[in-house]
1. When segment A:11-46 is examined, which residues are found to be facing another protein chain (nearest Cβ under 10 Å) and in contact with an Asp or Glu (Cβ under 7 Å, 6 or more places away or on another chain)?
2. Can you name the condition, by its number, that B:Asn35 falls short on among (1) at the interface with chain A (Cβ under 9 Å from one of its Cβ atoms); (2) of a type outside the set (Val, Ile, Thr); (3) crowded, with 18+ Cβ neighbours inside 10 Å; (4) under 52 Å from the mean Cα position of the chain (by Cα)?
3. Of the residues B:Asp21, B:Asp28, only one is within 12 Å of chain A (Cβ to nearest Cβ) and over 18 Å from A:Ala40 (Cα atoms); which?
4. What single numbered condition from (1) over 25 Å from the mean Cα position of the chain (by Cα); (2) closer than 30 Å to B:Trp227 by Cα; (3) not hydrophobic (A, V, I, L, M, F, W, C) fails to hold for B:Pro101?
5. Going through B:Ile194, B:Ile214 one at a time, which residue ends up being over 30 Å from B:Phe90 (Cβ atoms) and either part of a helix (DSSP H, G or I) or not assigned by TED's automatic domain parsing to the domain that holds B:Ile96 (or both)?
6. If the requirement is being exposed (fewer than 14 other Cβ atoms within 10 Å of the Cβ), assigned to a helix (DSSP H, G or I) and free of Cβ contacts under 8 Å to residues at least 24 places away in the same chain, which of these qualifies: B:Ser159, B:Ser123?
7. Consider B:Arg188 against the criteria (1) surrounded by 14 or more Cβ atoms within 10 Å (Cβ to Cβ); (2) out of contact with any Pro (no Cβ under 7 Å at 6 or more places or on another chain); (3) of a type outside the set (A, V, I, L, M, F, W, C): it satisfies all of them except one. Which criterion is unmet?
Amino acid sequence: MNIQFKKGVLDLLVLCMLNTEDRYGYDISETISRSISISAGTIYPILRKLKEEGFVTTYLSEDSNGPARKYYRITNKGKNELVQTKQEWKDFVTIVAVIMEENEND
Amino acid sequence: MTKKTFIETLKVGLAKMNISDFDDIIRDYETHFANELAKGKSEEEIASEIGDINQILADFAPEAIPQKESSGRGALFTGLVISDFFVFLFFVIAYILILVPIALFASGCALGIYYSFGINIISVFPIMPYWIGLLFGLDFFFLGLIGLSSIYYYARFLSWMTRKYRFWHQSVLKKTEKQFIGLEKSSRIMNKIIVYSSFGFLIFAVFGYIIAAISAGSLEFWHVWDWFV
């Protein structure tokens, strides 16, 4: 898939996943790369960016085996952002579909 | 590249960019390595799957990450409030002005009815022979139509200005891209109405004057009919 397509939507996907439950970075990266081919390191800078923007926070949680995991949790600001971005994405997809259809009919 | 080299390179790169809490970032990559190693992958394999380290560093660069809201935002907000205040006053006046074409429409229609039907009951309005009154009455109807289309054009202009300001306001606040707000095509019926009614108004005004002048036997027929006494 076109890399530019992916880049635009990864923030949205990450926020979507965190809206359901808190997750750690590797978990998010794994889940997304199962359906979308991205290089393994792509998600971490995005998580960092979302944290800088105040859309997520992190906390450490001891795991039964191995080192403490850094969990990401969505903030209220992040939830608002998610609602807005979701709508923007839906509108965007609709517009793209309409334009594509118009041109196919010609 | 081994895990150690990868992590070290990342650390050095992040420190160079003045990112103080690089440990926080490193932790995610440590976990990544740990999980992938548990799957039985080699360190080299994992490092190459993570992707180009220079690309990763570039993604962490401060300019790639929008900074937290700065104090500039307060000034921006104050500016917006002030501009909103004046723009609001402007819009109040602009919206009130729609009464002008409405008044034109209403008075055109009223005078049209008054003269076309030869009502002649209000002494303030000049009295004239019925057939000439009919000509001028029709002329007033055309004036009313001009008023009607002016209401349409002005309302359209108002809605366009309102939308334009609203979008400008949003784009400043959210720092999104400016959007081009075009004025949609005006209705063809309205375009026709304004052209034909303007012609009608002119023709009937001239025609009415000629007939009135002939009928009164004077170019200044209003003196003959004692309008301004």
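The values are calculated or read from the model by the stated rules, or taken from the named source; none is laboratory data. A quick note: this is a predicted structure, and the numbers were derived from the prediction, not measured. Cβ sites come from the backbone with ideal geometry, for glycine too, and all protein chains shown count toward neighbours.
1. Once the filter is applied, which keeps residues that are facing another protein chain (nearest Cβ under 10 Å) and in contact with an Asp or Glu (Cβ under 7 Å, 6 or more places away or on another chain), segment A:11-46 yields A:Gly25, A:Ser39, A:Ala40, A:Tyr44, A:Pro45, A:Ile46.
2. Every condition holds for B:Asn35 apart from (4).
3. B:Asp21
4. (1)
5. Going through B:Ile194, B:Ile214 in turn, the sole match is B:Ile214.
6. Criteria check complete, one pass: B:Ser159.
7. (1)
Here's the yes/no breakdown for (1) at pLDDT below 90; (2) part of a helix (DSSP H, G or I):
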site: B:Ile132; (1), (2): yes, yes
site: B:Ile146; (1), (2): no, yes
site: B:Gln170; (1), (2): yes, yes
site: B:Glu177; (1), (2): yes, no
site: B:Phe180; (1), (2): yes, no
